[in-house]
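Some notes on the structure that comes next.
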Number of protein chains: 2
Amino acid sequence: MSKRRYAVIGTGGIGGYYGGRLALCGQEVHFLLRSDYETVKREGLQVDSVNGDFHLFPVHAYADTRDMPPCDVVLVCMKTTGNDRLGEMLPPLLHQGSLVVLIQNGLNMEQELSAALPGVAIAAATAFICTFKVGAGHIRHAAYGDLSLAPFQAEAAALLPALIEDLRQAGIGVHDEPDAHLLRWKKLVWNIPYNGLTVALDATTAELTFQKDSRRLVVGLMQEVVAAAACCGAEIPDSFIDRMIALTEEMTPYAPSMKLDYDAGRPMEIRTMYLLPIEEARRAGFEMKQVQMLADLLLFMQERRLSGK
Amino acid sequence: MSKRRYAVIGTGGIGGYYGGRLALCGQEVHFLLRSDYETVKREGLQVDSVNGDFHLFPVHAYADTRDMPPCDVVLVCMKTTGNDRLGEMLPPLLHQGSLVVLIQNGLNMEQELSAALPGVAIAAATAFICTFKVGAGHIRHAAYGDLSLAPFQAEAAALLPALIEDLRQAGIGVHDEPDAHLLRWKKLVWNIPYNGLTVALDATTAELTFQKDSRRLVVGLMQEVVAAAACCGAEIPDSFIDRMIALTEEMTPYAPSMKLDYDAGRPMEIRTMYLLPIEEARRAGFEMKQVQMLADLLLFMQERRLSGK
């Protein structure tokens, strides 16, 4: 195994789990933290995982990227609501051969980052995992765990095999996908209905899937996402919808990240998960009317929540 | 003024106000009640109205239509959720020249009643009024009050002028409309967005109208209703949407009937206000995707509420 240097930007459920596993198997991993910085510096990082619990100590913990060393791979695991700061945050971490991996929800974050940091190698990643923070420096990984990765440009494609090798060595299931744009749209087929509707209806994924009216909502939204994706050049077979529904039927009742954000009073990832797909589809001549409607419900709810009404 | 015999079926905010005003100016009005029967029989009907409070005593109060006399005009003021019982309830009230007026929300209730009671003269009515029950036998009429009336068939058209004369004598503003189908669709332009969204977003009409994202929802739904109506042969000018929005901006913050029903744990008028319009539009080749989505949200919420979860 090659030993390489990793940065994890955002040490929540996703960053803590994947970064933690890489560190556990010997990689040099540098974690950026915010509120948990002092705790993790002092006590380390605890990961309770269905694949076996582990504790990391000491941890290379930082509160500012300017204190971090240049890294071979930068795993961006924070919410997309903070992505406008990446252009300023990432440069201290980058060397000539760095690969930035966005393990995030939404569409076209790679384009935005590439515009902010031209020439940087970028990969898209989606995580199929149920993991969340239960306390300061304390992560609970409850189910699943696979990562899907796709290069955004040729520079990234050349750097991805080494990362995939490291992840597999660390015990992480990896799906090597050819097309970042298609990967993002495929993830949206699940994310758009389930993230928004669990918030709008204050329901779990299981309730939405098994009640007939909400299931019709879910399927209708999925069909609109698939149709929009096709207009944008991302071909997803209709059978993918049946697979996503069947998958969700088998899952334990689940609160997706947007539901956790809303319940905790944090801003929701409405822009990258709803508004950017709607915009791309509109440029391709397709109006996502149902998705726009769900987005508007969420925008109203968010403004009311954040304004404290 | 001709003195005629009226029946009011459902003595809530609507029936109590309009029936009360007719009785106040000398018409013989027979009221059907359910839970308030004993109170109204004993104490009469109290109407607190912006046009002046009044008290009716004694009141011709009934708990069953079989005890009521045949009437010249039957004002059906109950929720459409009980309309499947009209075919059984109304016959004792009808004579050869009776006119049945449905002061209700939704679409095609006239067709359904006509199928249940062939040959009966039926008129459609929509009330632009803010009125509700505040206690047993106690109605509060807070604003507005006009009725729009349209004949469903030629038999009804012949009987309407006398009713309109009586209503005007009773101080009620009346709009004499030629087309029941168009009248129903026009009312839906306001009813579909505001009834459903006040429930789905737990918001007042004012919040929905002044917040930019919910206003986009309202306008988008109104546009879909206007487009569906046109496909069904009911031509509503686009300027009607601007008028409805302007009207709502001027209204005091308001909870429409569906919001009151939901908050009180009563079934909502989803079938007549959403599902029947969706069905008629579909038969005309138009898919009301946004309205279907709102209906599905409401159906989910109603099932959860009524099942006590």
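Right, B:Ser307: away from chain A (no Cβ under 13 Å) and modelled with pLDDT under 95 or not? No, not satisfied.
So, A:Pro267, is that one more than 14 Å from chain B (Cβ to nearest Cβ), of a type outside the set (Lys, Arg), surrounded by fewer than 21 Cβ atoms within 10 Å (Cβ to Cβ) and in a loop (DSSP other than H, G, I, E, B) or not? Judged against the criteria, A:Pro267 is a match. Yes or no: region A:171-193 includes at least one residue that is within 14 Å of chain B (Cβ to nearest Cβ) and either buried (at least 24 other Cβ atoms within 10 Å of the Cβ) or more than 30 Å from A:Ser307 (Cβ to Cβ) (or both). Checked region A:171-193: at least one residue is within 14 Å of chain B (Cβ to nearest Cβ) and either buried (at least 24 other Cβ atoms within 10 Å of the Cβ) or more than 30 Å from A:Ser307 (Cβ to Cβ) (or both). Within region A:85-138, which residues are modelled with pLDDT under 95 and among the basic types (Lys, Arg)? The one that is modelled with pLDDT under 95 and among the basic types (Lys, Arg): A:Lys133.
Yes/no per residue for (1) at pLDDT 95 or above; (2) more than 14 Å from B:Val76 (Cβ to Cβ):
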{"site": "B:Ala7", "(1), (2)": "yes, no"}
{"site": "B:Arg21", "(1), (2)": "yes, yes"}
{"site": "B:Leu24", "(1), (2)": "yes, yes"}
{"site": "B:His30", "(1), (2)": "yes, no"}
{"site": "B:Tyr37", "(1), (2)": "yes, yes"}
{"site": "B:Lys41", "(1), (2)": "yes, yes"}
{"site": "B:Asp48", "(1), (2)": "yes, yes"}
{"site": "B:Asn51", "(1), (2)": "no, yes"}
{"site": "B:Phe54", "(1), (2)": "yes, yes"}
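Against the test of being in contact with a strand residue (DSSP E or B) (Cβ under 7 Å, 6 or more places away or on another chain) and either closer than 30 Å to B:Glu112 by Cβ or free of Cβ contacts under 8 Å to residues at least 24 places away in the same chain (or both), the options B:Leu24, B:Leu45 yield a single qualifying residue, B:Leu45. When residues in region A:66-83 are screened for being surrounded by 15 or more Cβ atoms within 10 Å (Cβ to Cβ) and in contact with a His (Cβ under 9 Å, 6 or more places away or on another chain), 4 of them pass. When region A:124-140 is examined, which residues are found to be hydrophobic (A, V, I, L, M, F, W, C) and in contact with an Asp or Glu (Cβ under 8 Å, 6 or more places away or on another chain)? Passing the criteria: A:Ala124, A:Ala127, A:Phe128, A:Ile129, A:Val134, A:Ala136, A:Ile139. Checking each residue in region A:168-180 for being touching a residue at least 60 places away in the same chain (Cβ under 8 Å) and in a helix (DSSP H, G or I) picks out A:Gln169, A:Ala180.
The residue that is surrounded by the most Cβ atoms within 10 Å (Cβ to Cβ), among those in region B:279-295 that are under 28 Å from A:Thr209 (Cβ atoms) and away from chain A (no Cβ under 13 Å), is B:Ala281.
When residues in region A:18-42 are screened for being under 19 Å from the mean Cα position of the chain (by Cα) and in a helix (DSSP H, G or I), 5 of them pass. Filter region A:201-243 for residues that are surrounded by fewer than 19 Cβ atoms within 10 Å (Cβ to Cβ), touching a Pro at 6+ places or on another chain (Cβ under 9 Å) and within 11 Å of chain B (Cβ to nearest Cβ) and give the result. A:Glu207, A:Val219, A:Gly220, listed by residue number.
For region A:1-39, which positions are aliphatic (A, V, I, L, M), in contact with a Leu (Cβ under 7 Å, 6 or more places away or on another chain) and buried (at least 24 other Cβ atoms within 10 Å of the Cβ)? Residues satisfying the conditions are A:Ala7, A:Val8, A:Ile9, A:Val29.
Across region A:245-260, the qualifying residues are those that are in a helix (DSSP H, G or I) and buried (at least 19 other Cβ atoms within 10 Å of the Cβ), and the one among them that is farthest from the other protein chains (Cβ to nearest Cβ) is A:Ser257. The listed residues are B:Leu276, B:Leu298, and the only one of them that is hydrophobic (A, V, I, L, M, F, W, C) and within 13 Å of another protein chain (Cβ to nearest Cβ) turns out to be B:Leu298.
The values are calculated or read from the model by the stated rules, or taken from the named source; none is laboratory data. Model, not experiment: these values are computed from the prediction. Positions of Cβ are backbone-derived with ideal geometry, glycine not excepted, and every protein chain shown enters the neighbour counts.
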